[in-house]
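We did not get these values from a lab; they are worked out from the coordinates using the rules stated. From a predicted model like this one, the values you see are computed outputs, not experimental measurements. Quick reminder, even Gly has a Cβ in these numbers, built from the backbone with ideal geometry, and neighbours come from all protein chains shown.
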Amino acid sequence: MPLRTTKHWFGVVLDAPDASALAHFYERLLGWTLYKDTPGWATLAPSETHGYNLSFQTEPNYVRPVWPSEPGKPIMMLHLDLEVDDLDAAVAYAVEVGAELAELQPQQDVRVLLDPAGHPFCLYVDDSD
């Protein structure tokens, strides 16, 4: 039997040294609404009616991940893939709001960036239509 919650809720939680600061970065990046911002926890969603969100929790012992991975260094635990309409414009905006372009760019049609806490995320244009 598949696991289902009663509220049909799905969320991803990212650890950070400052949950609120990282939430505000993603609020600007995605244009989502900040629904909860308490000490140690913050949550964004595209709207109140969506069943998914992106949350952040403060981890006092947070260590910035290294991407690409290196032996003996903290590795990324996940990354977000975000579809955009214009890759160059989206990269420029992401950098403007606080992202950093990763040194390694393994694909022509994808850009890897790092959020202020070091979590990698990818921007891409879906040309499959």
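Does D85 satisfy being farther than 30 Å from S128 by Cβ and either in contact (Cβ under 8 Å) with a residue 12 or more places away in the chain or of a type outside the set (V, I, T) (or both)? Spelling it out, it is not the case that D85 is farther than 30 Å from S128 by Cβ and either in contact (Cβ under 8 Å) with a residue 12 or more places away in the chain or of a type outside the set (V, I, T) (or both). Scanning region 37-50 for residues that are farther than 19 Å from C122 by Cβ and either under 13 Å from the mean Cα position of the chain (by Cα) or surrounded by 14 or more Cβ atoms within 10 Å (Cβ to Cβ) (or both) gives D37, W41, A42, T43, A45. Taken over region 17-49, residues that are under 15 Å from P116 (Cβ atoms) and part of a loop (DSSP other than H, G, I, E, B) amount to 2.
Is it true that some residue in region 121-128 is within 14 Å of L14 (Cβ to Cβ) and in contact with a strand residue (DSSP E or B) (Cβ under 9 Å, 6 or more places away or on another chain)? Yes, some residue in region 121-128 is within 14 Å of L14 (Cβ to Cβ) and in contact with a strand residue (DSSP E or B) (Cβ under 9 Å, 6 or more places away or on another chain). Within region 44-59, no residue that is farther than 13 Å from V12 by Cβ sits with its Cβ atom under 6 Å from a residue that is surrounded by fewer than 18 Cβ atoms within 10 Å (Cβ to Cβ) and among the aliphatic types (A, V, I, L, M) at 6+ positions apart or across chains.
Working only within region 81-125, note down all residues that are part of a helix (DSSP H, G or I) and not aromatic (F, W, Y). Listed by number, the residues that qualify are L87, D88, A89, A90, V91, A92, A94, V95, E96.
For region 68-80, the set of residues classified as within 14 Å of the chain's Cα centre (by Cα) and in a loop (DSSP other than H, G, I, E, B) consists of M76, M77, L78, H79, listed by residue number.
Is there a residue in region 105-120 that is in contact with a Gly (Cβ under 9 Å, 6 or more places away or on another chain) and either on the phi > 0 side of the Ramachandran plot or surrounded by 11 or more Cβ atoms within 10 Å (Cβ to Cβ) (or both)? Checking region 105-120: at least one residue is in contact with a Gly (Cβ under 9 Å, 6 or more places away or on another chain) and either on the phi > 0 side of the Ramachandran plot or surrounded by 11 or more Cβ atoms within 10 Å (Cβ to Cβ) (or both).
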